[in-house]
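The structure appears right after this line, and notes come after that.
The values are calculated or read from the model by the stated rules, or taken from the named source; none is laboratory data. Since we're looking at a predicted model, the values are computed, not measured. Every residue, glycine among them, receives a Cβ derived from its backbone with ideal geometry; neighbour counts consider all protein chains shown.
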Amino acid sequence: LPVDPFDLVIFGGTGDLAVRKLLPALFHRYVAGQIRPASRIIGVAREPLDDDGYRGMVRDALGKAATDLPQQCDDFLALIGYRPLDARKDEGWDGFAALVGERPDNIRVFYLSTSPELFVDICERLGKYGLNQGASRVVLEKPIGRDLASANKINDDVGRVFAESQTYRIDHYLGKETVQNLLALRFGNALFEPLWNASHIDHVQITVAETLGLGRRAGYYDRAGALRDMVQNHMLQLLCMVAMEPPASLSPDAVRDEKLKVLRALKPIDGDNAAQLTVRGQYRAGASEGQSVPGYLDELDGGKSSTETFVALKAEIGNWRWAGVPFYLRTGKRLPERVSEIVVAFKPVPHSIFEGSVGALAQNKLVLRLQPDEGVKLWLTIKDPGPGGLRLRHVPLDMSFAEAFGVQQPDAYERLILDVVRGNPTLFMRRDEVEAAWRWAGPILAAWAASNEPPRPYTAGSWGPSAAVALIERDGRTWHEDN
Ligand code: BG6
């Protein structure tokens, strides 16, 4: 169903995220018929472009999608405009306000796809020029700050202009199809919930592996590192979706209340235990997808940095459902493959009747693959078919979304942008969630900063430092491999 006409203003409109993700996502939704022609998309950045210059940039970014659908591309580009503006100067803002004011009935969305340092200036000017009208929404890209204090400041400053109900803190992992499917799987089936606790689940693993290196993002990434870039937000959100209690409904606050309780129940990792529970790494030169690639330090200007490009850690949730169940998290750049998955490993059967049989009993595992090849696998023990006695085998019940549904899944941003227009914040982080996540992540960062240990080196194209393997093997477990 098409959404109501909207004006979407993208601050940081010429940036990597806007060009690579947001505008293509909007084009796909346009082609799908969900964006009405009365809508407008206005890019804002400091570059001195005009509307046509920006449209050319968007056309290039759409690439093949644009050449395959030339008419639709032209129609889509006709919705797009551009305004050069500096968030820190008043120049040009009057004209911009007049432009936005031309369609008073459109839903207004201000998408801040800029460095968080600019959020405050942008919001202040949006307020000053009267652009925040009752139904306006503001979207904040992660990271919200770099620690609890800076996140609080951003939230306070933005909060002076936009109410919490107007504020959409985006975490695009929540828009991924499989993450949503986790809700359906957990709460739409009677099968899993009775087993979904410490009595039956041995441990959970969450892996988000990337083959990409630093790319053009040195300025941002070297100040952030993997814990701030991936763990504090995406990975904790995934953990929450696995671990939360059943919400009473899918209403935004019912879901977010339950996630918040999980974040608050995470056991602290700090100076006392960070050395045992966390491993951080930094890639050295190696090979990625068949190509030699430089090390992290070689990609930086100064060549010196103790920023981690890899993290593995063992988290625990101190509540009745999860007491004693480790949640092993790992993420990194320049790993051997791009794969994101959640593995829920169940406890073994209490008694084996298969003494003397060929083949061992293995753990049941539920594997949710976020990307690539979205799908769900349930690993079961079965009898190997055929005569010759009872031989046990471990095989997956395998559901691939592409095979089952035959369509490409929409990108996370496609869903989330339209959710903002619809005014549905369920899949967005509430202020208290962001704060609780920082409250847990902060002491880990502090412990690392206080130790004199640099991150452990790993070769680009490997699965991270060997200490990450030791982290899980010390507990008699291994990282899941899909075979
Ligand atoms: C972003 C991080 O939030 O997520 C990037 O800043 C990372 O460093 C990206 O590459 C991964 O997203 P996806 O959807 O490609 O897994």
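On the given criteria, is A184 assigned to a helix (DSSP H, G or I), within 27 Å of A224 (Cα to Cα) and of a type in the set (G, A, S)?
So A184 fails the test.
So which pairs qualify, if the first residue must be in segment 230-251 and farther than 19 Å from P326 by Cβ and within 16 Å of the ligand (Cβ to nearest atom), the second must be acidic (D, E) and outside any helix (DSSP H, G or I), the Cβ gap must be under 8 Å, and the two must be at least 6 apart or on different chains?
Hits for this filter: N233/D171; H234/D171.
For segment 458-483, how many residues meet the condition of being part of a loop (DSSP other than H, G, I, E, B), buried (at least 16 other Cβ atoms within 10 Å of the Cβ) and not hydrophobic (A, V, I, L, M, F, W, C)?
Qualifying residue count, segment 458-483: 6.
Which helices (runs of 4 or more DSSP H) does segment 37-153 wholly contain that include 2 or more residues that are of a type outside the set (A, V, I, L, M) and crowded, with 20+ Cβ neighbours inside 10 Å?
Helices (runs of 4 or more DSSP H) meeting the threshold: 51-62, 70-77, 119-128.
For segment 48-102, name all the residues that are within 21 Å of C123 (Cβ to Cβ) and among the basic types (K, R).
R83, R88, K89
Take the residues in segment 1-23 that are of a type in the set (D, E) and more than 19 Å from the chain's Cα centre (by Cα), then tell me which one is surrounded by the fewest Cβ atoms within 10 Å (Cβ to Cβ).
Among those that are of a type in the set (D, E) and more than 19 Å from the chain's Cα centre (by Cα), it is D4.
Could you grab me the full set of residues in segment 209-228 that are within 11 Å of the ligand (Cβ to nearest atom), closer than 15 Å to R334 by Cα and touching a residue at least 40 places away in the same chain (Cβ under 8 Å)?
The answer is A209, E210, T211, L212, G213, L214, R217, Y221, G225, A226.
Can you tell me which residue in segment 131-155 is nearest to P5 (Cα to Cα), limited to those that are within 16 Å of the ligand (Cβ to nearest atom) and of a type in the set (V, I, T)?
My answer is V139.
Suppose we filter A450, A441, A446, A437 for residues that are among the small types (G, A, S), closer than 19 Å to P143 by Cβ and touching a Gly at 6+ places or on another chain (Cβ under 9 Å); which single one remains?
Criteria check complete, one pass: A446.
For segment 159-171, check the following and say yes or no: at least one residue is touching a strand residue (DSSP E or B) at 6+ places or on another chain (Cβ under 9 Å), outside any helix (DSSP H, G or I), of a type outside the set (A, V, I, L, M) and over 14 Å from M429 (Cβ atoms).
Yes, because at least one residue in segment 159-171 is touching a strand residue (DSSP E or B) at 6+ places or on another chain (Cβ under 9 Å), outside any helix (DSSP H, G or I), of a type outside the set (A, V, I, L, M) and over 14 Å from M429 (Cβ atoms).
Go through segment 181-212 and give me each residue that's among the small types (G, A, S) and surrounded by 15 or more Cβ atoms within 10 Å (Cβ to Cβ).
Result: A198, A209.
Does R108 satisfy the condition of being touching a Ser or Thr at 6+ places or on another chain (Cβ under 6 Å), farther than 19 Å from M429 by Cα and modelled with pLDDT of 95 or more?
Yes.
Residues in segment 59-100 that are of a type outside the set (V, I, T) and closer than 17 Å to V161 by Cβ: how many?
So the count comes out to 7.
Restricting to segment 332-356, what's the tally of residues that are assigned to a strand (DSSP E or B) and out of contact with any Ser or Thr (no Cβ under 7 Å at 6 or more places or on another chain)?
Going through segment 332-356 one residue at a time, the tally reaches 5.
So, in segment 327-347, how many residues would count as being among the hydrophobic types (A, V, I, L, M, F, W, C), within 12 Å of the ligand (Cβ to nearest atom) and surrounded by 22 or more Cβ atoms within 10 Å (Cβ to Cβ)?
Residues flagged as among the hydrophobic types (A, V, I, L, M, F, W, C), within 12 Å of the ligand (Cβ to nearest atom) and surrounded by 22 or more Cβ atoms within 10 Å (Cβ to Cβ) within segment 327-347 amount to 1.
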